[in-house]
1. Quick check: pseudo-label points 7 Å beyond the Cα along Cα→Cβ at Arg96 and Ser34, how many nm apart are they?
2. Measure off 7 Å from each Cα along the Cα-to-Cβ vector at Val76 and Arg26, then give the distance between these two points in nanometres to one decimal.
3. Taking R0 as 30 Å, what FRET efficiency do you get between Arg189 and Ser157 from their Cβ-Cβ distance, rounded to the nearest 0.05?
4. What does the highest-first list of 48-55, 37-44 look like by mean Cβ count within 10 Å?
5. When ranked by the protection proxy of mean other Cβ atoms within 10 Å per residue, highest first, what sequence do the peptides 63-74, 176-187, 161-172 form?
6. Pop out the ³J(HN,Hα) list for segment 144-153 in order, Karplus 6.51 cos²θ - 1.76 cosθ + 1.60 with θ = phi - 60°, rounded to Hz; leave Gly and Pro as x.
7. Show me, for segment 168-176, the HN-Hα J-couplings you get by feeding each phi into the Karplus relation (A = 6.51, B = -1.76, C = 1.60, θ = phi - 60°), rounded to Hz, glycine and proline as x.
Amino acid sequence: MLSSSAFDALPSPPKAFRLMGTSTPREAEERVRSLVETDSEFVWRSLRRLGVRPADVDDAMQEVFVVATRRLGDIVSGRERAFLFGIAARVASTRRRTARRRPEDGEQGLAETFSDDPSPDELSELRQARPVLQQILDSMSDECRAVFILAELEELSARQIAETLDIPQGTASSRLRSARETFHAAVRRLAAQNAFPRRSR
């Protein structure tokens with residue numbers, strides 16, 4: 001999450017926003033602070049699920065809020081998370097293209113996104129499942145991955161997904177079907193591999 005020092009490092013809200021309506025610089029600053037306090041966990045969780053490495057996620061999250069601060073006047077009240085997710089998806093896509101993959105990255109990070117206080121049994125299951133889930137998510141296109149995350153992990157409806165990503169509902173439903181097909185095919189493949197493990201020579 002963003003620390004107070006990280007919040008202080010965010011740019012001042014743009015003058016264009018301060019000149020809109022009756023908003024004052026203080027109101028703009030309070031809105032930025034509210035975004036950070038209310039949605040930083042959602043942004044962090046989204047970035048991890050979108051494939052940002054644990055070592056990079058804090059910097060990526062600050063990047064998301066820097067962009068949001070500069071575009072504060074574009075954020076429609078009540079649709080803050082949709083706006084932030086759109087920025088997060090673009091930031092994650094850029095970082096996945098430029099980052100050098102490290103093998104150990106797949107072994108950490110996703111467990112924190114599913115439960116605030118998992119039991120020992122749940123934690124054990126998550127430790128086994130998270131590399132597999134990350135591998136499946138990585139195999140999806142950016143478009144399908146975003147829809148899958150919002151539907152299956154954030155539990156949004158097709159209508160809400162369409163509003164969040166600013167796409168037609170039919171497109172959201174089509175991408176979700178494709179993502180689910182990819183997911184189930186990967187699960188079947190892994191089940192077959194586990195049923196018939198390769199013999200060591």
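Computed from the coordinates by the stated procedures, all read-outs in this text should not be read as laboratory data. Predicted, not measured: the structure shown is a model, and the values here were computed from it. Backbone-built Cβ (ideal geometry, glycine too); neighbour counts: all protein chains shown.
1. 3.2
2. 3.0
3. With a Förster radius of 30 Å, E is 0.55.
4. Working: 48-55: 21.1, 37-44: 17.4.
With the highest mean Cβ count within 10 Å placed first, the list reads 48-55, 37-44.
5. The packing order, highest mean first, is 63-74, 161-172, 176-187.
6. Going residue by residue, I get 5, 4, 4, 5, 4, 4, 5, 7, 8, 9 Hz, with x marking Gly and Pro.
7. Values per residue, Gly and Pro as x: x, 4, x, 5, 4, 5, 5, 5, 5 Hz.
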